[in-house]
Amino acid sequence: MTTDSADEYVLDTPTVRAFVASVRAAIASAASPAQACDAIRPGFAELLADPDWLASEYARDAPESGMGGGIGQWALYRAEDGSLSLFSLVVPSGSETPVHDHLAWGLVGLYRGTQDEEIFARERGALRLSERRALGPGDFYALIPPADDIHRVRTTSAETSVSIHLLTNDTGCVWRHAYDPASGEERPFRSGYVNVDCR
Ligand SMILES: [Fe+2]
């Protein structure tokens, strides 16, 4: 791991450094999150298509994780000021995340395996399933809350799924929310990371 004045590169490789630098430049020159996401798209697609950059240790499931179900959330990079993070989310076959939110905009895409994603809308305190979509390797989307910020993913492939998240907060360490989809009840939720502590 390398830490400099502003950034913590847990996976410290030229690929990750170049990607983060391009993201920083895109955010600095964009007038809105949507514009920044558009500018980041090509580089993010390249990352998802590159079979070599994600070291295997960050594609492992994690029996003792905050997400439950053997789900591993591995920090790859995070900004010291909490303004940006890159992490992998590893969901074993048949496991699913709690219904949760993210509270930050960014890009999320699938690197390995397949997932079903269920997106929920909040209506008068209740949750309504608003969309269900199947994701395969290379599929990704821009997440710009509050739209579509509440979801749950389940791995549908026999192999563990690995998704890559680039979000404009320290997602593993901020307090966000998990939801009971039946009642709509929310509870404070902090997923943590398997490999780094929250500051
Ligand atoms: Fe999520």
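The values are calculated or read from the model by the stated rules, or taken from the named source; none is laboratory data. Note that the structure is a prediction, hence the values are computed from the model and not measured. Virtual Cβ from ideal backbone geometry, glycine too; neighbours counted across all protein chains shown. Accessible surface is based on the protein model in full, side chains and every heavy atom, while ligands, DNA and RNA are left aside. Shrake-Rupley method; radii C 1.70, N 1.55, O 1.52, S 1.80 Å.
When the chain is described by a simple charge dipole with +1 on each Lys and Arg Cβ and -1 on each Asp and Glu Cβ, the residue from SER95, VAL16, SER65 located farthest towards its positive end is SER95. Put a plus charge on the Cβ of each Lys and Arg, a minus charge on the Cβ of each Asp and Glu, and nothing anywhere else: the dipole of segment 122-199 about its Cα centre is then about 140 debye.
Counting only protein heavy atoms and using a 1.4 Å probe, the accessible area of GLU80 comes to about 110 Å². Here the contact order of the chain, divided by its residue count and restricted to Cα pairs under 8 Å and six or more residues apart, works out to 23 percent.
Seen against the Cα atoms of the chain and their longest principal axis, helix 14-29 is set at about 80 degrees.
Once C-alpha pairs closer than 8 Å and six or more residues apart are averaged by separation and normalised to the residue number of segment 71-177, the relative contact order reads 41 percent. In the chain, with Lys and Arg counted as +1 and Asp and Glu as -1 at Cβ, which of these residues, LEU54, PHE189, ILE40, has the Cα nearest the positive end of the dipole, that is, farthest along it? Of the listed residues, the answer is PHE189. Rounded, prolate or oblate, given the Cα gyration tensor of segment 158-199, with a/c below 1.5 counting as rounded? Oblate. Largest accessible area first, the residues ILE144, ILE71 order themselves as ILE144, ILE71 under a 1.4 Å probe with ligands, DNA and RNA left out. Take the Cα radius of gyration of the chain and divide it by 2.2 N^0.38 Å, N being the number of residues; the result is 0.96. Mind checking the angle between helix 33-49 and the chain's longest principal axis? C-alpha axes, 0 to 90 degrees, to the nearest 10. Once rounded, the angle reads 80 degrees.
For SER95, which sequence-distant residues (separation of 5 or more, or a different chain) have an amide H within less than 5 Å of its own amide H, given hydrogens modelled in the peptide plane? Counting only residues 5 or more places away or on other chains, the set is THR155.
Using only the heavy atoms of the protein chains and a 1.4 Å probe, how would ASP52, ASP101 rank by accessible area, largest first? Spell out each step's value before the answer.
Numbers: ASP52 125, ASP101 5 Å².
Descending order: ASP52, ASP101.
Roughly how many whole Å is it from the C-alpha centroid of segment 121-197 to that of segment 35-114? That distance is 11 Å.
Annotation: cysteines of the chain without a disulfide-compatible partner (Cβ-Cβ under 4.7 angstrom) are CYS37. Here's the picture: charge each Lys and Arg Cβ at +1 and each Asp and Glu Cβ at -1 in segment 52-152, and of LEU127, PHE140, ALA79 the one pushed furthest to the positive end of that dipole is LEU127.
For LEU166, neighbours were defined as the other residues whose beta-carbon sits under 12 Å from its Cβ, and their charges (Lys and Arg +1, Asp and Glu -1) total +3. Rounded to the nearest 20 debye, the dipole magnitude of the chain is 340 debye, with +1 charges on Lys and Arg beta carbons, -1 on Asp and Glu beta carbons, and the Cα centre as origin. When the inverse distances between all different Cα atoms of segment 47-101 are averaged and flipped, the Kirkwood radius reads 12.5 angstrom. Taken about its Cα centre, segment 1-55 carries a charge dipole of about 200 debye when Lys and Arg each add +1 at the Cβ and Asp and Glu each add -1 at the Cβ. Between ALA158 and GLU64, the C-beta separation translates, for a Förster distance of 30 Å, into a calculated FRET efficiency of about 0.80. Probing with 1.4 Å while keeping every protein chain in the model, the per residue accessible area of segment 37-137 equals 41 Å².
Using the rule -39500 (n - 2.57) for each DSSP H run of four or more residues, divided by the residues of the chain, the 222 nm mean residue ellipticity is -5500 deg cm²/dmol.
The residues neighbouring VAL194, those whose beta-carbon lies less than 9 Å from its own, together hold a net charge of 0 under the Lys/Arg +1, Asp/Glu -1 convention. Fully extending the segment from ALA31 to TYR141 would add 37.7 nm, taking 0.36 nm per residue of separation and subtracting the current Cα-Cα distance. Taking the 1.4 Å solvent-accessible surface of the chain as the whole, the part contributed by carbon and sulfur is 50%.
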